[in-house]
Amino acid sequence: MKFPDFPYSRPDLEQQEIAFRAVLAELTAADGINEAIAAVEQIDLIRSGVATAYNIGYVRHSIDTRDEFYKAEKEWFDQHLPATEAWRMDYYRALLDSPHREALRAHFGDQLFHTAELSLKTFQPELIEDLQEENKGYSQYMQLKGGAEIELDGETYNLSSITPLEQDPDREKRKAASSAKWGWYAENREEIEGIYDSLVGLRTNMARKLGYDNYVALGYAKMNRTDYGPEQVAVFRDEVKRHIVPIAQELYRLQTERIGVDRLHYYDTAFQFPDGNPTPKGEMADTIDAARKLYDGLSKETGDFFRLLEERQLMDLEAKDGKATGGYCTYINDYGAPFIFSNFNRTSHDVDVLTHEFGHAFQVYSSRHQKPMEYNWPTYDAAEIHSMSMEFFAYPGVPDFFGDDADKYYFNHLAGAMRFLPYGCAVDEFQHLVYENPDWSPAERNAAWKRLEAEYLPHLDYSDMPHLDAGTFWQGQSHIFGMPFYYIDYCLAQICAFQFWLKDRQDHASAWADYVTLCKAGGSRSFLQLVELAKLENPFEAGVMEKIAGVIRERLGELQ
C-alpha cells in the first residue's frame, strides 16, 4: 500500500485503554513466562495502532499545515495523547513488578527495563494538563513558521524557499534575502519569545511536581540517557571548545579570504565559494536518480530499500507553500514504513537532508522486527549516528549529485560538520542555562545566547541586523522549542560518524558491516553499548576528539 492510501481514522482512546488494561491484567496474572511474553507483545500491538494513527496524521499535517482536517487532528492528539503516558507508566510498573521479571529480561534484554525504570521518574497523572499545553505551545511555534510569508522583490517566499537566495554570489542580494528572513523573525519576536517563555515555565513546573530542582534532570530522563549525564556532556563541550572551535575559526578565516570580504557578516556565512556554492545538477528528479544509483551501488539492501520508499510514496521532498519547515524521518508502525520528509530548495542541503534522513529510515526499517516497540528506534544520540554516518557513506554518489561541483561539496560537507559542532554545543549549553535559570526574562535568555556566541562562534557579525545582534538567533532552532536537550545528540553522533568515515576510507566492507550491525540492533542497547557494538570509540573519552580533529584538519587542507 502506498502512503497516500494509508487509511486514517482518529483512534478511540477509551476503547483502546479498555483493551490495553485487559492485557495488562493478563501480564500481571500470567502463570508462566510464555503468557507474560504474549501479553507484552499484545500491548505492543495496541500501542502501535495509536502511534500509527498519530504518525499518519502528523505527516499529512506537516505536508500542508493549512489543511484544516489534519490541523484539527494534530490539535486533538496534542490534547489527548498525553493521557496515554499513564498507560505506558502502568505497563512499566507491571514489568518491573512481574514475578517473571528476570525471565522477561532474559527474553527482551536489559534495555527495556532500564527504560522502564527511568521513564517512571518522568511522569505522574497530574502532569497531563501540562503535557497538553506543552504540545499546544510547540504546535503553535511550528504553525507560525510553516505559515511564514516573506516578501522580497515582488515575490513571496517561505522559510525554506528563501534559503537559495541567502547563498547568492551577489552580496547585496544575499544580504537582502537574509535581512528579509530575519526581518520576519523580528516581526514575530514577541510571539516567539512568549511561546518559549510559556514552554520553559510548563517544563519547570512539571519537574518540580516530580521532585526535581529544575527541568535539567527531567529532560535527561525523558531522553532516556542511562549511561551519561550533564557532567559528561559539559566535559564534551569543553573538548569542543579546545579542539574544534580553533579549527572552525580557521575555516571561517579562510572563507573570508576565499569570498573576498573584509569580515563575515551574518549574510555571508552560508556563501562558501566565490563562484557559488555546490548545487545539485538538474532538477529534483535528477537528485532522486542520483540517489537511486548511489544506493544501488552501496549495497543490495540499500538499493531495494530506496525503491521501496519510491514505490510506496514514502517520501515528500519538495518545498511547498504551507509545508512545515525542516526535515525528519518518522515510522508508521503498523505498515513497517519509514517516511522521509524534507524541503528541497535546490541547494546542497537537499543532498545532506536526503542522505541523513535515509540513514534514519534505513535503520528503523532494519530493526522493524525488534521487539518490543521501544527497540524500533534507539535513543536520539545513537539514532543520529546512523543518519550522520550515512552522509559519509553517500560520498561515492557525490559526483552524480553535483557534477563539476563535487570537490566543492566534499570540502563543504566535511568543513560544515566541523563548523556545526561549536553551534550544536552552544545550543546545548544555552538550554542548560535556561532551565537552570527558569525565571529569566526573554532579554536575559537572549543575553545568555549572545555570551555563548562569543565563546563558540566569535566570527559572527550582526552589526547591521539589530534583531540578531540582540542574541535572538536561537529563536529559529525548532529543537529548542520542541525537544529540549536533543541537540547535543547531533554532536555526540558527529564524532561517531567521523569514525565511520575514517573506517570507510580504510576498509569499506568492514565499516559497512559494522554499520549494518548497528542499524539492526535498533534501540536494544544504550548509547554507549551501541557505540561499542559498532566498534567505535567512546566520544566522551579524553583524546578521541583531538585525534579525529587532527585527521580532519589534514584532509581539509588537502581539499582546500
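None of the figures in this text is laboratory data; all of them are computed from the coordinates on show. Not measured: the values here are computed from a predicted model. Glycine also receives a Cβ, built like all others from the backbone with ideal geometry; neighbour counts cover every protein chain displayed.
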Legend entry - Phi-based couplings in Hz for the range 405-416 (Karplus 6.51, -1.76, 1.60; Gly and Pro marked x): 8, 4, 5, 4, 5, 4, 5, 5, 5, 5, 5, x
Legend entry - Stretch gain in nm, segment ARG10-SER463, where the contour uses 0.36 nm per residue and the Cα spacing is subtracted: 158.1 nm
Inset, instruction - Loop only per DSSP, at most 14 neighbouring Cβ atoms within 10 Å: give me the chymotrypsin sites (Phe, Trp or Tyr not before Pro) in the range 57-157, ordered by residue number. - result: none
Legend entry - Spatially proximal aspartates and glutamates relative to LYS74 (Cα-Cα < 14 Å; intrachain offsets below 8 disregarded): ASP64, GLU133, GLU134
Inset, instruction - Take every Cα pair under 8 Å in the range 3-131 that's 6+ residues apart, average their separations, divide by the length, and report that relative contact order as a whole percent. - result: 25
Inset, instruction - Using amide H atoms built 1.01 Å from N in the peptide plane, name the residues 5+ places from ALA337, or on other chains, whose amide H lies under 5 Å from its own. - result: ILE332
Inset, instruction - Could you list which residues have their amide H under 5 Å from that of MET315, counting only those 5 or more apart in sequence or on another chain, with H placed in the peptide plane? - result: ILE340
Legend entry - the chain: angle of helix 68-80 to the longest principal axis, Cα-based, in degrees nearest 10: 60
Inset, instruction - Taking H placed 1.01 Å from N in the peptide plane, check which residues at least 5 places from PHE344 or on another chain put their amide H under 5 Å from its amide H. - result: GLU318, ALA319
Inset, instruction - Beta carbons within 10 angstrom, averaged per residue: use that to sort the peptides 455-462, 469-476, highest first. - result: 469-476, 455-462
Legend entry - Candidates per GluC sites (Glu not before Pro) in the range 132-238, loop by DSSP, up to 12 other Cβ within 10 Å: GLU149
Legend entry - Two-site label geometry, LYS281 and ASP334: point separation in nm, points 7 Å out along Cα→Cβ: 4.4
Inset, instruction - Find how many whole Å separate the alpha carbon centroid of the range 334-401 from the alpha carbon centroid of the range 212-284. - result: 20
Inset, instruction - Between the alpha-carbon centers of the range 156-207 and the range 498-516, tell me the distance in whole angstrom. - result: 38
Legend entry - ³J(HN,Hα), Karplus 6.51/-1.76/1.60, whole Hz, each residue of the range 61-67, x for Gly, Pro: 5, 4, 5, 8, 5, 8, 5
Inset, instruction - Step through the table entries LYS145/LYS175; LYS2/LYS121; LYS450/LYS535; LYS181/LYS408; LYS371/LYS547; LYS2/LYS293, compare each Cα-Cα distance with 31 Å, and write down the pairs that go over it. - result: LYS2/LYS121; LYS450/LYS535; LYS371/LYS547
